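Taken together, the values in this text are just the output of simple stated rules run on the coordinates, not laboratory data. Because the structure is predicted, anything quoted here is derived from the model rather than measured. Cβ placement follows ideal geometry from the backbone for every residue including glycine, while neighbour counts extend to all protein chains displayed.
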Amino acid sequence: MQSAQCGSKLAPPDLQDMTAAMPRLGSAIMVDTFSYETLYSEKSVDTPLNPGVHAKYDFAVAYPAPETLPLDGLIQSLQSAVDSDSTKVLAELAYYPHQLGALELREYTAQKLATDRGFTVTPDEIALTNGSGEALGLVIQALTNPGDVVLAEEFVYMGTTAQLRRFGADIRGMAMDEGGIIPEALDTQITALAAAGEKPKYIYVIPEHQNPMGSTVSAERRKAILAICHKHGLPILEDDCYVDLRFKGDVQPAFRALDDSGIVVYVASYSKLLAPGLRLGYFTASPELMRRALSFKLGSGPNQFAAIAIEGYLRNNLESHKDNFNPLLKAKCNSMTAALEEHFGSSGATWSAPEGGCYVWLTMPEGSDIASIRDEVFEQGVGYVAGTNFEADASGRIGHNSARLCFAFESVEKNAEGIALLAQLFKQHGAM
Ligand SMILES: Cc1ncc(COP(=O)(O)O)c(C=O)c1O
């Protein structure tokens, strides 16, 4: 074995003395901490890292329970891909992935969209991304200049609003009811904004099992919203992240399936159907918009191992996976809503009746502030995300008395126990 001093040659005596005096690699050098104070970029923000702590009853998360993930199936599908053609798998791993991501998963995704969502695109019109969060960010960058007005549901997924704000969007909330965006109110809002010289640039919608409110937009409303968007020349950024998690009622046609003009940008994900840790989402849009969105992509397409596992697993197991997984979601949702009925039924609170997805939206009576007690309630055992976090316009005006409760993560039993404790804690803190 060669020594660190280049083979058997020793360093000259003066260097030997110096190296002896130097600290050994790995031992601490006692110097003042280097200061970056004057070096940070103007745009950098000192953002705390997520502590990753779970409450005893964690309704604050946004993903299904680990034990429901199809680990064996994903591993088997990787193994079968290796067994059937290891040279091909090696080639897929040896090179940087294509900018659009693995071809086989794009082919599968195109088939899935045709079968499940009723619209046809070629595999080359689909870009796989590092989760759908990346897809949303790329499209947002391609469409947004600082100061642009963008419309989003009045309570909406904060990952998207964070990206919109990061790229300078001025987000305004669209009025909603239990059926999602209200078309007439949208039309009035856009007309009023345009009259005030604030024509919106595009709208962002989560039409199936909305995050956080759990609502689904009917086909009729979708058609009406499309007509309004055509009238005002506004693209629709459709986020179909939760569409596979339906356990009740009928799936509604995608905006993209109702309109082939290019006005709809369609984004979806394998995170909620399979596992967020796989980091695989995708989008499809009109060709130039796709190219412009992809111009913001740093590096190549997403992880090929994950793509191989997902494609093999879903090609053979999509329906059985949903048949196993969605009834469990339903049972979890039912146990949470039954417990809400039991413990919040006479409090004046209301809650949504989801047909799928992961969330129940709880609204306490006007004047009840469950946003300010969130941290204490978390410490005492129940996690939730307060409505203020989802306000599209971040006004802090409308979300104090509401919360998103994720029913997908805890067990059926823990959902019931956690809601009982939540009622007790709300009473203790004077919120109920
Ligand atoms: C509505 C919605 N869109 C997109 C995402 C991003 O998910 P991912 O990047 O894991 O695909 C989430 C995650 O919670 C979400 O709720």
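Odds and ends about this structure:
- Put in line by how crowded their Cβ is, counting other Cβ atoms within 10 Å and starting with the fewest, Leu49, Leu318 read Leu49, Leu318.
- Applying 1/(1 + (r/R0)^6) with r as the Cβ-Cβ distance of Ala194 and Ser261 and R0 = 25 angstrom yields a FRET efficiency of 0.75.
- Here Glu67, Glu104, Glu208 are placed in order of increasing Cβ neighbour count within 10 Å, fewest first, which gives Glu67, Glu104, Glu208.
- Remark: for residue pairs Lys56/Lys272; Lys322/Lys427; Lys201/Lys330; Lys297/Lys322; Lys248/Lys272, the C-alpha separation exceeds 28 Å in Lys322/Lys427; Lys201/Lys330; Lys297/Lys322.
- Contact order normalised by residue count of the chain, Cα under 8 Å, 6+ apart, percent: 22
- Summing +1 for each Lys or Arg and -1 for each Asp or Glu among the other residues whose beta-carbon sits under 11 angstrom from that of Thr122 gives -2.
- Between the range 228-290 and the range 28-83, the Cα center-to-center distance that results, in Å: 26
- Cα-Cα P(r), the range 244-337, percent of pairs per 5 Å interval: 2, 10, 15, 18, 18, 17, 11, 5, 2, 0
- Site pair Gln424 and Ser300 shows an inter-label distance of 5.5 nm when each label is modelled 7 Å from Cα along Cα→Cβ.
- All Cα-Cα distances of the chain, cut into 20 Å bins from zero to the largest, leave 23, 50, 21, 6, 0 percent in each bin in turn.
- With contacts taken as Cα pairs under 8 Å and at least 6 residues apart, the range 71-317 reaches a relative contact order of 29 percent.
- Taking each DSSP H run with n ≥ 4 as -39500 (n - 2.57) and averaging over every residue of the chain yields -12000 deg cm²/dmol at 222 nm.
- Fraction in percent of alpha-carbon pairs per bin - 5 Å, the range 301-432: 2, 10, 17, 19, 16, 11, 9, 8, 6, 3, 0
- For the peptides 227-235, 301-309, residues were scored by their other Cβ atoms within 10 Å and the scores averaged per peptide; the highest-first order is 301-309, 227-235.
- Here the peptides 359-367, 140-148 are ranked by packing, the mean other Cβ count within 10 Å, and the order with the highest first is 359-367, 140-148.
- Close amide H partners of Phe407, meaning residues 5 or more places away or on another chain with modelled amide H under 5 Å apart, are Tyr359, Val360.
- Global geometry of the range 47-116, whether rounded, prolate or oblate, following the gyration tensor of its Cα atoms and the 1.5 cut on a/c: prolate
- GNM top mover of Leu193, Leu105, Leu151 - the chain, alpha-carbon springs below 10 Å: Leu193
- Evaluated on the range 211-273, the Kirkwood hydrodynamic radius is 12.6 Å, with distances taken between all distinct Cα atoms.
- Mean Cβ neighbour count within 10 Å, used as a protection proxy, ranking 30-38, 159-167 highest first: 159-167, 30-38
- Each residue, Asp124 and Thr38, gets one label point 7 Å from its Cα in the Cβ direction; the gap between the two is 5.4 nm.
- Taking max minus min of the alpha-carbon positions on each principal axis, the range 71-317 gives extents of 62, 39, 29 Å, largest first.
- Taking 7 Å steps out from each Cα toward its Cβ at Tyr96 and Ser347 produces label points 5.3 nm apart.
- q = 0.09, 0.13, 0.17, 0.21 Å⁻¹, the range 165-295: log10 I(q)/I(0) [Debye, one scatterer per Cα]: -0.27, -0.58, -1.00, -1.43
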